[in-house]
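> If you scroll down you'll find the structure; I have some questions about it.
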Amino acid sequence: MASIQTHYRTKRVYEIKSLPGGRELHLSDRVVELGEREFAWYQGIANWLPTRQGVAELSREIGVDASKLPKFIDALEKSGLIYRVEDAPKVMTGLGFHARFKSVLNSWLSQAFAHPFWAGMMDGKGSARLFTGWLIELYHYTKNANRHMPLSCAHAHEKPIKQLRAKHYAEEWNHYHYFMKSLRELGFTEPEIADSVPLPMTLALSNFMRQAARHDVLAYSICSAVLEGTTTDRRTYNPYYARCAELYGLPKEAIAPIYAHLDLDVQYGHSDLFREILEHVPEMSAERASTVLDYGHQLVEHIWLWTDNIQKYYQVESNPLPRRPFDIRLD
């Protein structure tokens, strides 16, 4: 019993839903249902595993006899909620890692876009102002690609990977102009947008990409792959733009450049870039794989926080749109 904490770890749970008499836990590859009592036991064990507390303390905390814990832990392992450390691969190929990434991507994207902003915009609870604010921040983030994409090339050590990252940069560096075209159709001038100040979380997202590029080119590439993951099928993004145009009176000329940009990404095959990069990685250690996956999931959390910052700022009518730079005469 004393070795349980050495041998087991919890799987990531992306969402917990209430059921009559229990809970529904959503993992990346399955849904597990637990009764309320079993859910409380599971939570106690999940909180206990990273600690140095003994089994007796766990038993007291969750109110389960110590002799019954092995059977329940075995049931948790079979359900997929926990796993044995020794069963995790010590090394994997690059393409094996890509398969792992693909298995969690949909869960990640669901988490990233679970912010109430998106449902509100689709349900008519948003506004043209919120759509415009989001577009302004998307302009700034895309323009800031010129701050982090070159770093991903510079910090790539393997020549084939450096070439793939450089090709991606060459295809992306000026795509912020698509969003400028949309904003012009919404009544803004180029100087107004170009001279405006992005939100703090827009800069944070860009700086996180810079950090990833310096740490590991694969960490950067998985973040890029998450962002490209929403552009593989026009059916996944078409309803949002069409619905917003309908609800908030947006001219079709303001939407057309956004579609053109997304379609261009599909034509370039950017959603396949991560796999192409990983084809040049013959072997990854478990430690590197975990670090890279962690960067990908951190990117997901940044997207949620970015969306939150956009909603909170632009829903306030008195906040400048776009944000002005500091001016001694005004400030």
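The values are calculated or read from the model by the stated rules, or taken from the named source; none is laboratory data. Being a predicted model, the structure only gives us computed values, none of them experimental. Cβ placement follows ideal geometry from the backbone for every residue including glycine, while neighbour counts extend to all protein chains displayed.
> Would you mind finding the one in Glu279, Glu246 that is under 24 Å from Leu164 (Cβ atoms) and surrounded by fewer than 19 Cβ atoms within 10 Å (Cβ to Cβ)?
None of the others qualify; the one that does is Glu279.
> Which pairs have Cβ atoms under 6 Å, sit 6 or more apart or on different chains, and link a residue in region 166-187 that is in contact (Cβ under 8 Å) with a residue 12 or more places away in the chain to one that is of a type in the set (Lys, Arg)?
Here the result reads Tyr176/Lys143, each pair linking region 166-187 to a residue that is of a type in the set (Lys, Arg).
> Any residue at all in region 279-287 that's under 28 Å from Leu183 (Cβ atoms) and small (Gly, Ala, Ser)?
Looking through region 279-287, none of the residues is under 28 Å from Leu183 (Cβ atoms) and small (Gly, Ala, Ser).
Okay, residues lined up against (1) charged (D, E, K, R); (2) assigned by TED's automatic domain parsing to the domain that holds Asn146; (3) under 18 Å from Trp134 (Cβ atoms):
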residue: Thr189; (1), (2), (3): no, yes, no
residue: Asp195; (1), (2), (3): yes, yes, no
residue: Ser206; (1), (2), (3): no, yes, yes
residue: Val217; (1), (2), (3): no, yes, no
residue: Tyr240; (1), (2), (3): no, yes, yes
residue: Leu250; (1), (2), (3): no, yes, yes
residue: Ala256; (1), (2), (3): no, yes, yes
residue: Leu262; (1), (2), (3): no, yes, yes
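> Evaluate region 263-270: report whether one residue or more is under 21 Å from Tyr139 (Cα atoms), crowded, with 17+ Cβ neighbours inside 10 Å and within 19 Å of the chain's Cα centre (by Cα).
Yes, some residue in region 263-270 is under 21 Å from Tyr139 (Cα atoms), crowded, with 17+ Cβ neighbours inside 10 Å and within 19 Å of the chain's Cα centre (by Cα).
> Quick one: which helices (runs of 4 or more DSSP H) lie wholly within region 1-112 and hold at least 1 residues that are basic (Lys, Arg) and loosely packed, with under 14 Cβ neighbours inside 10 Å?
Output list reads 36-48, 55-62, 69-79, 94-112.
> Say we look at region 116-158 and pick out the residues that are of a type in the set (Ser, Thr, Tyr) and in a helix (DSSP H, G or I); which of these is surrounded by the most Cβ atoms within 10 Å (Cβ to Cβ)?
Ser152
> Criterion first (modelled with pLDDT under 95, over 25 Å from Gly296 (Cα atoms) and assigned to a helix (DSSP H, G or I)) does Tyr240 satisfy it?
It is false that Tyr240 is modelled with pLDDT under 95, over 25 Å from Gly296 (Cα atoms) and assigned to a helix (DSSP H, G or I).
> Is there any pair with a first residue in region 42-64 that is free of Cβ contacts under 8 Å to residues at least 40 places away in the same chain and a second that is assigned to a helix (DSSP H, G or I) and aliphatic (A, V, I, L, M) whose Cβ atoms are under 6 Å apart and which are 6 or more apart or on different chains, and what are they?
Close Cβ pairs satisfying both conditions: Gly44/Ile62; Ser59/Ala66.
> Another one. Does Arg52 fit the bill of being over 30 Å from Ser271 (Cβ atoms) and in contact with a Lys or Arg (Cβ under 8 Å, 6 or more places away or on another chain)?
Against the criterion (over 30 Å from Ser271 (Cβ atoms) and in contact with a Lys or Arg (Cβ under 8 Å, 6 or more places away or on another chain)), Arg52 does not qualify.
> Now for a different question. Considering region 280-312 alone, what residues qualify as being touching a Leu at 6+ places or on another chain (Cβ under 8 Å) and either polar (S, T, N, Q) or not assigned by TED's automatic domain parsing to the domain that holds His115 (or both)?
Asn309, Gln311
> For Ala204, work out the one condition from (1) touching a Leu at 6+ places or on another chain (Cβ under 9 Å); (2) of a type in the set (Gly, Ala, Ser); (3) more than 18 Å from Leu138 (Cβ to Cβ) it doesn't fulfil.
Unmet for Ala204, out of (1) touching a Leu at 6+ places or on another chain (Cβ under 9 Å); (2) of a type in the set (Gly, Ala, Ser); (3) more than 18 Å from Leu138 (Cβ to Cβ): (3).
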